[in-house]
1. Please figure out what share of the DSSP beta bridges in the chain is antiparallel and state it in percent, rounded to the nearest 5.
2. Can you give the extra length, in nm with one decimal, that the chain gains between residue 108 and residue 190 once fully stretched, where that is 0.36 nm per residue apart less the Cα-Cα distance?
3. Which of 211, 187, 334 comes first, and how do the rest follow, when ranked by fewest Cβ neighbours within 10 Å?
4. Where does the charge balance sit around residue 210 when Lys and Arg score +1, Asp and Glu -1, over other residues with C-beta under 14 Å from its C-beta?
5. Can you list the HN-Hα couplings for region 286-294, worked out from phi with the Karplus curve (6.51, -1.76, 1.60; θ = phi - 60°), rounded to whole Hz and with x for Gly and Pro?
6. When 338, 151 are ordered from fewest to most other Cβ atoms inside 10 Å of their Cβ, what list results?
7. For the chain, taking Cα atoms only, what is the radius of gyration to one decimal and the Dmax to the nearest whole Å?
8. Tell me which trypsin sites (Lys or Arg not before Pro) from region 11-118 have a DSSP coil assignment and no more than 10 other beta carbons within 10 Å of their own.
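All of the numbers you see were taken from the coordinates with simple rules; none came from a lab. Keep in mind that this is a model prediction, so the values were computed, not measured. Methodologically, a virtual Cβ is constructed for each residue, glycine included, from the backbone with ideal geometry; neighbour enumeration extends over all protein chains shown.
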Amino acid sequence: MEEKEKKFTRISEIGEFGLIDRLTNDIALKNSASIKGIGDDAAVLGTGKIKTVVSTDFFMEGIHFNISYSPLMHLGYKVVVIGLSDIIAMNAKPGQILINIGVTEKYSVEILEKIYEGIKTACAAYDVDFIGGDTSPSMQGLTFSITAIGTAREEDLVYRSGAKPNNLLCVTGNLGASYMGLQLLERENKIFKENPGVQPELKGYEYVLSRQLKPELPVKLKNHFVEKNIKPTSMIDISDGLASEIFHICKQSDCGCEIYQEEIPIDKETAEVAEELKMEPLIAALNGGEDFEILFTIDLKDYDKIKDTEEIHPIGKITSKEHGKYLVTPTKERIPLTAQGWL
Ligand code: ADP
Ligand code: MG
């Protein structure tokens with residue numbers, strides 16, 4: 001009887017990653033030009049030596065952005081960054097984008113033009129061509145989806161699945177800034193809604209706000225790898241928070257890891273805002289998201305090649321799967337890492 005009652009599964013019971021697994025685990029590739037399908041930052045296609053990588057992402061009003069505090073040009077710019085981040089995470093060079101928009105009556109032509117100005121500015125900044133899309137009316141809110149395309153020589157492509165025990169785990173830039181920027185904007189938005197006369201208090205927080213509103217990508221990383229003759233063993237972009245991305249690397253590479261809390265790069269301003277908002281900067285770095293930095297693993301023998309690079313930070317090491325996944329605190333306490341998607 002009980003069996004019969006449980007007809008439907010709530011998405012929250014299996015989470016975002018469980019949902020994707022359940023919907024896609026029986027999908028097999030049949031075309032010889034489909035090299036890699038579901039499971040990495042981008043799919044890999046092509047029969048020649050130069051492969052094409054393709055990825056797609058949503059950017060939805062009320063879920064991923066709030067139109068009341070996102071400058072329109074920045075919105076357009078950020079959509080492009082979201083799309084290209086997955087291409088860079090394959091160690092590929094971004095080449096083209098397509099953008100679909102769903103719009104309600106609320107949005108004037110002028111608003112959309114401003115957003116498109118941002119899209120075009122990002123295309124110029126990252127040297128990519130805007131080659132198409134689709135436009136549809138929508139019932140609610142403004143919706144974007146971006147498809148990003150890039151290329152790489154077959155031997156340069158880096159997947160999530162190549163990490164090996166004793167590899168070094170590294171991240172670019174710093175983490176948690178975008179999340180703290182968002183918390184600040186949310187706070188000021190709430191105050192403004194309650195007292196429309198009050199001006200937002202955003203001075204002195206330019207860095208975290210820019211990381212949230214107009215993020216940039218670590219595009220120089222690929223060249224750096226070429227110059228130093230490094231081929232990472234695995235790569236992923238940090239869009240959902242460090243913990244979640246580490247989980248993906250460990251799952252796809254069938255391994256475990258140790259992350260050293262003290263080595264996680266957090267900017268001074270991120271820590272200051274966190275303190276002001278009575279939040280933990282470590283949580284922002286581990287679970288915040290939208291950092292658009294890159295997490296990668298390298299062979300230990302390549303350590304000397306990256307140790308003096310300011311923008312690259314070793315944060316831990318890969319271990320065997322049996323070892324598990326741990327955050328090691330400054331007092332050497334070992335805390336099991338946890339991560340989830342949007343549920
Ligand atoms: P990212 O965070 O890098 O954009 P996701 O976690 O969204 O990646 O997706 C992980 C993998 O699952 C990707 O290979 C993606 O193409 C695939 N995927 C996500 N959602 C779907 C879906 N609805 N249908 C088919 N594949 C999906
Ligand atoms: Mg990704």
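1. Roughly 80 percent of the DSSP beta bridges within the chain come out antiparallel.
2. Going from the current span to full extension adds 27.0 nm.
3. 334, 187, 211
4. With Lys, Arg at +1 and Asp, Glu at -1, the net is -2.
5. Running phi through 6.51 cos²θ - 1.76 cosθ + 1.60 with θ = phi - 60° gives 6, 10, x, x, 6, 6, 6, 9, 10 Hz.
6. Sorted ascending by nearby Cβ count, the order is 338, 151.
7. Here Rg and the maximum Cα pair distance are 20.7, 65 Å.
8. Working: sites: 22, 30, 36, 49, 51, 78, 106, 114; in loops: 30, 49, 106.
Qualifying residues, ordered by number: 30, 49.
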